[in-house]
Amino acid sequence: MTYIVNIINKENCSGCKACYNICPQNCIKMVTDVEGFWYPKVNKDDCISCGLCEKVCPELKIYSNVRSYDSPTCYAAWNTNKDIRGDSSSGGVFTSIAESIISNDGVVFGAGYNSDLNVIHKEANTLEGLKQLRGSKYVQSDINDTFKKAKDYLKEGKKVLFVGTPCQIAGIYSFLQIEYEQLYTCDIVCHGVPSPIVFEKYKENLELQYDSSIKEVTFRDKKTGWKNYSVSIHFDKDLEYSKTFGMDAYMMGFLRNYYLRPSCYKCSYVGIPRVSDITLGDFWGIAGKYPELDDDKGTSLIFINTDKGNTMLEGCKDNIFSQKCDLGQAIQGNPSIVSSVDIPSCRDKFFKDLNDINFNFVIKKYMSPPSWFQRKVTFSKRALRFVKRKIVKLVR
C-alpha cells in the first residue's frame with residue numbers, strides 16, 4: 001500500500017512537511033500547485049509502504065498536547081530594550097525568549113528570509129543570527145528539513161526552541177513521536193498563511209515599478225505606530241516603498257483572506273488549550289481594558305500554556321515587562337485564537353485571475369483600499385459576530 005500519494009481534499013493538508021521529513025526512503029517530494037502551496041507527492045517505485053507519513057501527519061491524526069493547561073495564563077508584555085522593541089513587530093518578547101535559549105547553548109528555529117527573499121524556516125544559535133528571525137512574515141514558511149535538524153540537536157542533548165504556526169508546532173511534535181525534555185515550542189496567533197506565489201508576484205510587480213531589485217522586506221514597520229504599521233521595502237538603488245497596511249495591496253488581500261491556504265479556513269489548531277508551550281501575538285485591543293499598557297510602541301500577548309512555558313517566561317523575566325491580563329480581552333482583540341477566518345466567495349475567481357491576468361489588474365480588482373462605508377460595514381459585522389459568540393457562551 002502506498003501512503004499519501006494524492007491529497008484529494010486540500011483542506012486536509014497544512015503543508016507542515018512532517019511526512020517529507022519522516023520518509024526513510026526520501027521518496028516524498030513537495031509539489032507546488034497552481035495556488036502556490038506545496039503538497040506531498042510519493043514516488044511509488046521507491047515507497048516501501050512503511051506508513052510513517054500517515055502516522056506523523058498532524059491533520060490525519062490531530063495532535064493534542066497533554067501538558068497544556070485547560071486555560072492559559074495571559075500576559076501583556078514587552079522587551080525593556082527600546083531598540084529591540086522598536087525593531088520587532090509587536091513587543092519584542094520573542095527575542096527575549098530566544099536569547100535565553102541561545103545563552104544556554106541552545107538553538108532557535110523560526111521563519112526568516114533566504115537570499116531570494118523567500119520565507120523559510122532556518123536556525124539561529126547566535127544573537128546576531130537571531131535578528132533574521134525577528135519580525136512577522138506574512139507568507140507560508142517553508143519548513144524544508146528543519147524538523148530533522150531539530151531532532152539531531154535534541155539527540156545531542158541541546159535545547160531547541162521551535163517557533164511557528166500552530167500547525168507547524170503540531171507537525172514537529174508529531175514528527176518526533178517521543179517527548180524531548182529539551183524541546184521548547186512557541187506558536188504564533190495565526191490569521192492564516194498566504195500563498196508564496198502571490199508574494200512572489202507582489203515583489204516582482206514592485207521591482208518593475210521601481211526598476212530595482214528588492215533587498216529587504218519589513219511587513220511591520222512601526223515608524224507610523226504599532227497599530228497603524230507600515231509595509232516597508234528597500235531596493236538596491238537606495239529607494240524605499242512604504243505604505244500603511246490599509247493601503248498596501250498585499251496586506252489588503254491577506255486581511256480579506258483571498259489567498260490563504262485551504263486548510264486555514266478550517267484550522268485544526270485554533271482554540272484553547274493551545275498546542276505549544278507559549279503562544280505569542282499582538283495584544284490588539286489592549287487599550288479597551290488596560291489603556292496604561294498601550295503606548296503604541298508594541299504590546300505582546302503571551303499565553304503560558306504549559307509548565308515549560310512558565311520556565312521560558314521565567315528565563316527572560318529580567319529583560320521584559322509583563323502584567324497578567326484578562327483572557328477574554330485577549331480573545332476579543334484576536335478572534336483568530338479561537339476561530340478560523342471565513343473563506344471569501346470570490347477566492348477561486350481570484351486565483352484564476354492571478355494566473356490569467358496582469359497582476360496590476362488583479363490588484364485593482366481585489367486589493368483596492370476599501371471605502372469608508374465598506375470599513376464601517378466590515379467593523380460592524382465583526383463586532384456583531386463577537387457579540388453573538390458571547391451570547392452563545394453565556395447561554396451555555
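The values are calculated or read from the model by the stated rules, or taken from the named source; none is laboratory data. Nothing here was measured: the structure is a model prediction, and the numbers come from that model. Here Cβ is always computed from backbone atoms with ideal geometry, including for glycine, and neighbour counts include all displayed protein chains. The accessibility values were calculated without ligands, DNA or RNA, using every heavy atom of the protein model including side chains. Shrake-Rupley method; radii C 1.70, N 1.55, O 1.52, S 1.80 Å.
Worth pointing out:
- In terms of the mean number of neighbouring beta-carbon atoms within 10 Å, the peptides 179-188, 324-333 order highest first as 179-188, 324-333.
- Straight-distance crosslink candidates among lysines, where the alpha carbon sits under 23 Å from residue 55 and sequence neighbours closer than 8 are dropped: 10, 17, 29, 41, 44, 148, 149, 151, 155, 266
- Amide proton proximity set for residue 69, modelled H, under 5 Å, gap of 5+: 306
- Near residue 243, the amide H atoms lying under 5 Å from its own belong to 231; only residues 5 or more places off or on other chains count, and H is placed 1.01 Å from N.
- For the chain, averaging the sequence separation of C-alpha pairs within contact (under 8 Å, six or more residues apart) and dividing by the residue count gives a relative contact order of 21 percent.
- Each of the peptides 147-153, 122-128 was scored by the mean count of other Cβ atoms within 10 Å over its residues; in descending order, highest first, they stand as 147-153, 122-128.
- Amide hydrogen neighbours beyond the local backbone of residue 39, cut-off 5 Å, H modeled: 31, 32, 33
- Net charge dipole size for the chain [Lys, Arg +1 and Asp, Glu -1 on Cβ; Debye, nearest 20]: 1540
- Too-long pairs where the Cα-Cα distance tops 29 Å, listed order kept, from 237/364; 131/317; 122/203; 223/352: 223/352
- Using θ = phi - 60° and Karplus 6.51 cos²θ - 1.76 cosθ + 1.60, couplings along the range 265-279 (whole Hz; Gly, Pro as x): 6, 9, 4, 7, 10, 7, x, 10, x, 8, 8, 10, 6, 9, 10
- Whole-angstrom gap from the range 175-241 to the range 37-110, using each part's C-alpha centre: 17
- Mean Cβ count within 10 Å, highest first, over the residues of peptides 37-46, 162-171, 259-268: 162-171, 259-268, 37-46
- Carbon plus sulfur fraction of accessible area for the chain, probe 1.4 Å, in percent: 51
- Taking θ as phi - 60° and the Karplus parameters 6.51, -1.76 and 1.60, the scalar couplings of the range 25-31 work out to 9, 6, 9, 9, 10, 9, 9 Hz in sequence order, x denoting glycine and proline.
- Accessible area (Å², per residue) of the range 205-332, counting only protein heavy atoms and a probe of 1.4 Å: 41
- Evaluated on the range 261-372, the Kirkwood hydrodynamic radius is 17.3 Å, with distances taken between all distinct Cα atoms.
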